[in-house]
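Peer 1: Would you mind keeping the following structure in view while I ask a few things?
The values are calculated or read from the model by the stated rules, or taken from the named source; none is laboratory data. These numbers come from a predicted model, not from an experiment. Because the Cβ atoms are built from the backbone with ideal geometry, glycine has one as well, and the counts that use them run over all protein chains shown.
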Ligand SMILES: Cc1ncc(C[n+]2csc(CCOP(=O)(O)OP(=O)(O)O)c2C)c(N)n1
Ligand SMILES: [Mg+2]
């Protein structure tokens, strides 16, 4: 391996062992073993942009062997991502540090996904690769042509989830997916021969993958394999024979380097063996300069590929039927304190909202979608597909000079959080309030009051085409209008 590559890789090795030592916990062995492969990947292949980590057409790098998180943090710091400073690395495994024990996804940081449960990153990577195919089909090869690289260890490949995901990737011929297998034959308890005797090559080939075997410490072999992977017609696994804890005289090649700090004495020996005459966390200027050059070069390449316009080309009007869905999606994505459920219908419905107001109306929990006249007699509240039925009812009533407004209430929890003024505007305009929702009626009584009408289903156990079900439960235009007119 050329001297420069070796020294660049050593930057990763020492940042990793120093950080694990300082935290007094972590996994130094994997980053030491895979430093050479990662260096060649980032220097010569990976398309990325430290100044714009979310660049849409970047290659994805997923660390499925998440215990080796210091490998990722070192790479991000060294190539110049703003998300991770040397201070953050010194804070490895401390409360609220971005350098968490296992990578935690943060948008726009270079940490593409949360990993740690072995095997899971492999399936995330398959998902990324599928997304890439979808985007490529939609926007064309000129705009989308990235790859997904996933680094996985022995443990990842032992997990059941890896079988399913790898099989699907082979079936779908995801040629944009490259798996770097840290084939060090060591796992947490010792040699992998204790627990597994799979023939990895046969396994991958049977799924429909290509498989290459290389020495993971040979710059030339890594380069050659990654070159081949660029042109592969199938997903590609590269088995990299490595030494876990590479460079450690007493712990290299042993599970003792897997999940504990090497210890001060051993670290001194590693420094000596790898000829690293620098203090803990010290990356010599020239080498940091070389790494930053790699980052800059990648940035320039990314700028050239300029994909800025891709998303402008999505025409919102083509989604006009989906305005409320998009609004709810945005709310879900931005929601910091609670999970969200978006319940979508498969019924073919007329669009209720055609104009994009550029204001997220759904964020209010409920909002007016229709008003048939000035002097309204009733308020009809519903959500989802029933809004469409409510609008039909409202129009029909208007033909008999009974005017009303229709309120879409996609989220009761959000509505309940609005100020009294807004709630009154929605709920206190008419004496009569009606709810229409094909589910339990109890949830609506707090809005309609006991004097209101609640159309719904307080029953179970029927299955039929939806129109018949609606008729069965009197949830149709005719029955509802009849009851409303009786009430008025
Ligand atoms: C599903 C799951 N089970 C167990 C663990 C705990 N664990 C973390 S690393 C590891 C061993 C992984 O071995 P290998 O992939 O060979 O990593 P290496 O020792 O080579 O770094 C285990 C069992 C985990 N992270 N996830
Ligand atoms: Mg291993």
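Peer 1: Among the residues that make up the range 348-366, is at least one of them exposed (fewer than 13 other Cβ atoms within 10 Å of the Cβ), at pLDDT 85 or above and not in a loop (DSSP other than H, G, I, E, B)?
Peer 2: no
Peer 1: Anything in the range 369-392 that is farther than 14 Å from residue 352 by Cβ and in a strand (DSSP E or B)? List them, or say none.
Peer 2: Listed by number, the residues that qualify are 378, 379.
Peer 1: For the range 144-164, name all the residues that are in a loop (DSSP other than H, G, I, E, B) and more than 16 Å from ligand 2 (Cβ to nearest atom).
Peer 2: Result: 144, 145, 146, 147.
Peer 1: Filter the range 107-165 for residues that are more than 14 Å from ligand 1 (Cβ to nearest atom), without any contact (Cβ under 8 Å) to a residue 60 or more places away in the chain and within 22 Å of residue 39 (Cα to Cα) and give the result.
Peer 2: 108, 109, 111, 112, 113 - these are the residues of the range 107-165 that are more than 14 Å from ligand 1 (Cβ to nearest atom), without any contact (Cβ under 8 Å) to a residue 60 or more places away in the chain and within 22 Å of residue 39 (Cα to Cα).
Peer 1: Search the range 279-307 for residues being surrounded by 11 or more Cβ atoms within 10 Å (Cβ to Cβ) and assigned to a loop (DSSP other than H, G, I, E, B), and hand back the single one that is modelled with the lowest pLDDT.
Peer 2: This residue is 307.
Peer 1: Looking at the range 158-170, is at least one residue within 23 Å of residue 224 (Cα to Cα), at pLDDT 95 or above and surrounded by fewer than 22 Cβ atoms within 10 Å (Cβ to Cβ)?
Peer 2: Yes, that holds for at least one residue.
Peer 1: Can you list the helices (runs of 4 or more DSSP H) lying wholly within the range 24-97 that have 3 or more residues being in contact with a helix residue (DSSP H, G or I) (Cβ under 9 Å, 6 or more places away or on another chain) and either within 16 Å of ligand 2 (Cβ to nearest atom) or within 25 Å of residue 126 (Cβ to Cβ) (or both)?
Peer 2: In the range 24-97, 29-40, 69-79 are the helices (runs of 4 or more DSSP H) which contain 3 or more residues that are in contact with a helix residue (DSSP H, G or I) (Cβ under 9 Å, 6 or more places away or on another chain) and either within 16 Å of ligand 2 (Cβ to nearest atom) or within 25 Å of residue 126 (Cβ to Cβ) (or both).
Peer 1: Filter the range 64-97 down to the residues that are without any contact (Cβ under 8 Å) to a residue 24 or more places away in the chain and within 21 Å of residue 14 (Cα to Cα) and list them by number.
Peer 2: 85, 87, 88, 91, 97
Peer 1: While we're on this one: Name the pairs: first residue in the range 240-259 and without any contact (Cβ under 8 Å) to a residue 40 or more places away in the chain, second residue within 11 Å of ligand 2 (Cβ to nearest atom) and part of a loop (DSSP other than H, G, I, E, B), Cβ to Cβ under 8 Å, at least 6 apart or on different chains?
Peer 2: If the second residue must be within 11 Å of ligand 2 (Cβ to nearest atom) and part of a loop (DSSP other than H, G, I, E, B), the pairs left are 256/245.
Peer 1: Hey, could you check the range 446-457 for residues that are within 38 Å of the chain's Cα centre (by Cα) and within 18 Å of residue 386 (Cα to Cα) and say which is surrounded by the most Cβ atoms within 10 Å (Cβ to Cβ)?
Peer 2: 447
Peer 1: Look at the range 169-190 and say how many of its residues are more than 8 Å from ligand 1 (Cβ to nearest atom), within 18 Å of residue 214 (Cβ to Cβ) and touching a residue at least 60 places away in the same chain (Cβ under 8 Å).
Peer 2: 2
Peer 1: Scan the range 172-207 for residues that are surrounded by fewer than 17 Cβ atoms within 10 Å (Cβ to Cβ) and away from ligand 2 (no atom under 16 Å from the Cβ) and jot them down.
Peer 2: If the condition is that a residue be surrounded by fewer than 17 Cβ atoms within 10 Å (Cβ to Cβ) and away from ligand 2 (no atom under 16 Å from the Cβ), then 172, 173, 199, 201, 202, 205, 206 are the ones that fit.
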